[in-house]
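A short write-up of the structure that comes next.
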């Protein structure tokens, strides 16, 4: 890192501070703080959706998976089609319910017990998956790019981790969701630019796209988009089952994401923002996953030296992107890309901190102490954000242990166990009036317990505490993709079975919250919010996803 690189990073932070100062000027009500006054335009909604999703674990972890397993993880990055589902099928219900949070929506559709379950599980999951993985990935970048700046690589890791968590926490505390959204607009531009430069310089040094294809063909089994059923990690059937389950949970029901559409100034802006976010979501395959494959190819040719581990000398996947930044980029651009990595880290963390504060304040604190003044709720939200920041810092020492096997694959496996019951309850709850509060409650609880049992056994098996053969060992080794499908089937069976055995809800209490209870007035409102940009945007996004799938199914 040179003086010019540091100047670029400093300018980036000055820009962020200016946005936060502007955002903090109007934070009088809980709606201002948690939903930016419900006045966010579609272009900001879409950029915020994209930047919230793309954290440093994406950039670092996806590049690592690209180097080790080629296109296997691309299915999770082609979830732009799921954002179209969010735009057209989920957003109208959320906007109509006029809620702050997804647990609050479940209370309106079912009852307060389902709200409590989703609130608590979401908070725990956010702190122990998203915070830990995001901060660990960002700290790895500091360790690689600034190995001697703070005395040793280990010191650089801890300085990077603490600095980013604290700085992000400060601007989230003061600026609320408005600061989060508008800093993410700037961060989206930086993210796309920085990663595009890595791709360009990497391909140029390698000799072009044709050279990458030729090298990938020599390793076709490991780099293919679709893998045979015999593949131990990514069998094609498992991909088809698990990827949509996780995608619908994450993009259509998770507070961390959906909060942006709730902050839009109209139903049209919310829908258009989700479609715009879907368009942006198409590109990570090319700017995060493909650079990982380029890094592998450059390492194989001896152009760069990525750290290796094990007797077979396999490259350390999570070090691919940081090494490419350090060895490929010229002065100035290196600072820009490091700023984009900080953008990724800070945008994901700020979204997470604000979502946690919203969940705690609206779904837990306000339920325990109803009728509190608006300014008091804003204060509680700020304090809750501070506690999440502290929890993230406390969790930092555990992060190296959880990243084994690659950050991104770890994250998808954990989400694969959390997602099925939530996906089942939301889809069935919206689709059918006959789904009852008891069915939703027991479906959520059963799915969560079984998912955590699978995750625990898998961790004990991976750590050598449970050894085979035996049923526990078999459960631990059971492919995470198929396990996600099994959990979904069990959750659906419990939701439907219990619902059929319990009395149906009074239709008047769920009017407008299911497809069967939409009134003519609701249908008219929905139709009037649709314009030609929505139709054209949807067609473009779905066409891009189909085109990428078609190309990469036969690219090697």
* For the range 220-298, the Rg and Dmax computed from alpha carbons only, in angstrom -> 16.8, 49
* Counting only C-alpha contacts under 8 Å and six or more residues apart, can you give the relative contact order of the chain as a whole percent? => 29 percent
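Given C-alpha coordinates of the range 184-247, what is the ratio Rg to Rh with the Kirkwood estimate of Rh?
Working: Rg = 16.6 Å, Rh = 14.7 Å.
Rg/Rh: 1.13.
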* Counting other C-beta atoms within 10 Å, which of 96, 434 has the fewest, and how do the rest follow? -> 434, 96
* Structure fact -> Rounded to one decimal in nm, the spacing of the 7 Å Cα→Cβ label points at residue 511 and residue 331 is 7.0 nm
* Asked: Taking 0.36 nm per residue of separation and subtracting the Cα-Cα distance, what length does fully extending residue 221 through residue 460 add?
  -> 83.1 nm
* **Mean shadow area of the range 410-518 over all directions, Cα convex hull, nm²** => 7.4 nm²
* **the range 93-118 versus the range 461-511: alpha-carbon centroid distance in Å** => 22 Å
* Structure fact -> FRET efficiency (residue 554, residue 500; Cβ distance; R0 45 Å; to 0.05) is 0.50
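Quick one: compute a quarter of the convex hull surface over the Cα atoms of the range 200-344 and quote it in nm².
Orientation-averaged projected area of the Cα hull: 11.7 nm².
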* residue 266 versus residue 196, label points 7 Å from Cα toward the beta carbon: distance in nm? -> 3.0 nm
* To do: Enter the Cα centre distance for the pair the range 343-384 and the range 518-556, rounded to the nearest angstrom.
  => 33 Å
* Measuring from label point to label point, each 7 Å out along Cα→Cβ, what is the residue 213 to residue 471 span in nm? -> 5.2 nm
* **Most to least packed among 446-457, 191-202 [average Cβ atoms within 10 Å]** => 191-202, 446-457
* For residue 375 and residue 240, FRET efficiency with R0 = 51 Å and r from the beta-carbon atoms, rounded to 0.05? -> 0.55
* Want the number for residue 394 to residue 309: 0.36 nm per residue separation, take away the alpha-carbon distance, what's left? -> 27.8 nm
* For a paramagnetic label modelled at 7 Å from the Cα of residue 383 toward its Cβ, which residues of the range 72-108 fall within the zone defined by backbone nitrogen distances under 16 Å? -> none
* Relative contact order %, the range 410-518, counting alpha carbon pairs below 8 Å whose residues are six or more apart -> 44 percent
* Structure fact -> Quick calc, residue 189 & residue 536: beta-carbon distance into FRET formula, R0 22 Å, rounding 0.05, result 0.45
* Ranked packing of 479-490, 83-94, most packed first, by mean Cβ within 10 Å -> 83-94, 479-490
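Taken together, the values in this text are just the output of simple stated rules run on the coordinates, not laboratory data. A quick note: this is a predicted structure, and the numbers were derived from the prediction, not measured. For neighbour counting, all protein chains shown are included, and Cβ atoms are generated from backbone atoms with ideal geometry for every residue, glycine included.
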